[in-house]
Structures are given as C-alpha cells and as structure tokens.
1. Can you pull out every residue in segment 41-70 that is charged (D, E, K, R) and open to solvent by less than 80 Å² (accessible area, probe 1.4 Å)?
2. Quick check: is even one residue across segment 28-40 among the hydroxyl-bearing types (S, T, Y) and either in contact with a Lys or Arg (Cβ under 7 Å, 6 or more places away or on another chain) or open to solvent by 100 Å² or more (accessible area, probe 1.4 Å) (or both)?
3. Kindly check whether there is at least one residue in segment 8-23 that is in contact (Cβ under 8 Å) with a residue 40 or more places away in the chain, open to solvent by 100 Å² or more (accessible area, probe 1.4 Å) and within 22 Å of H67 (Cα to Cα).
Amino acid sequence: MAASSRAQVLRLYRALLRESQRFSSYNYRMYAIRRIRDAFRENKNIKDSEKIEELVNKAKASLEVLHRQV
C-alpha cells in the first residue's frame, strides 16, 4: 500500500472512531466502535489497490451516514 493511501485509511479510521464517540447512547456507541474496529481489522491485509479504493469509498459513505445519525 502506498504511503498516501495508508495515511488516508488511518485518517478515515480515526474520523469514524471520533464520530462514533458522539453517540449519546452507550449501546449505539459501543456497537459502532466495535463494528469499525472489526471491519478495519478484517481488511488490514488486503493488497489490491482497487479493492482498497472500494473499501475506502464504502467507509466514506459510512462516515457520512454516521455523521447524520449522530
């Protein structure tokens, strides 16, 4: 993975975790954090740049949804 895409993925990961911290309900907050961590751990060994780009776009869409829900 190129350094720029790695940095982009880490920024996105942190943004998702930060946004999920804004849930007022403990259960929603913990569920969101667990789902984010599990998804990133599951996909950490992917090397295909097209697949990475697809996952990054999916995560950006999830961030937008999370932002609306909070």
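The values are calculated or read from the model by the stated rules, or taken from the named source; none is laboratory data. All values reported here derive from a predicted model rather than from experimental measurement. No Cβ is skipped: glycine too gets one built from the backbone with ideal geometry, and neighbour counts run over all protein chains shown. Note: accessible area is taken over every heavy atom of the protein model, side chains too, but ligands, DNA and RNA are not part of it. Shrake-Rupley method; radii C 1.70, N 1.55, O 1.52, S 1.80 Å.
1. Result: K51, single match.
2. Yes, some residue in segment 28-40 is among the hydroxyl-bearing types (S, T, Y) and either in contact with a Lys or Arg (Cβ under 7 Å, 6 or more places away or on another chain) or open to solvent by 100 Å² or more (accessible area, probe 1.4 Å) (or both).
3. yes
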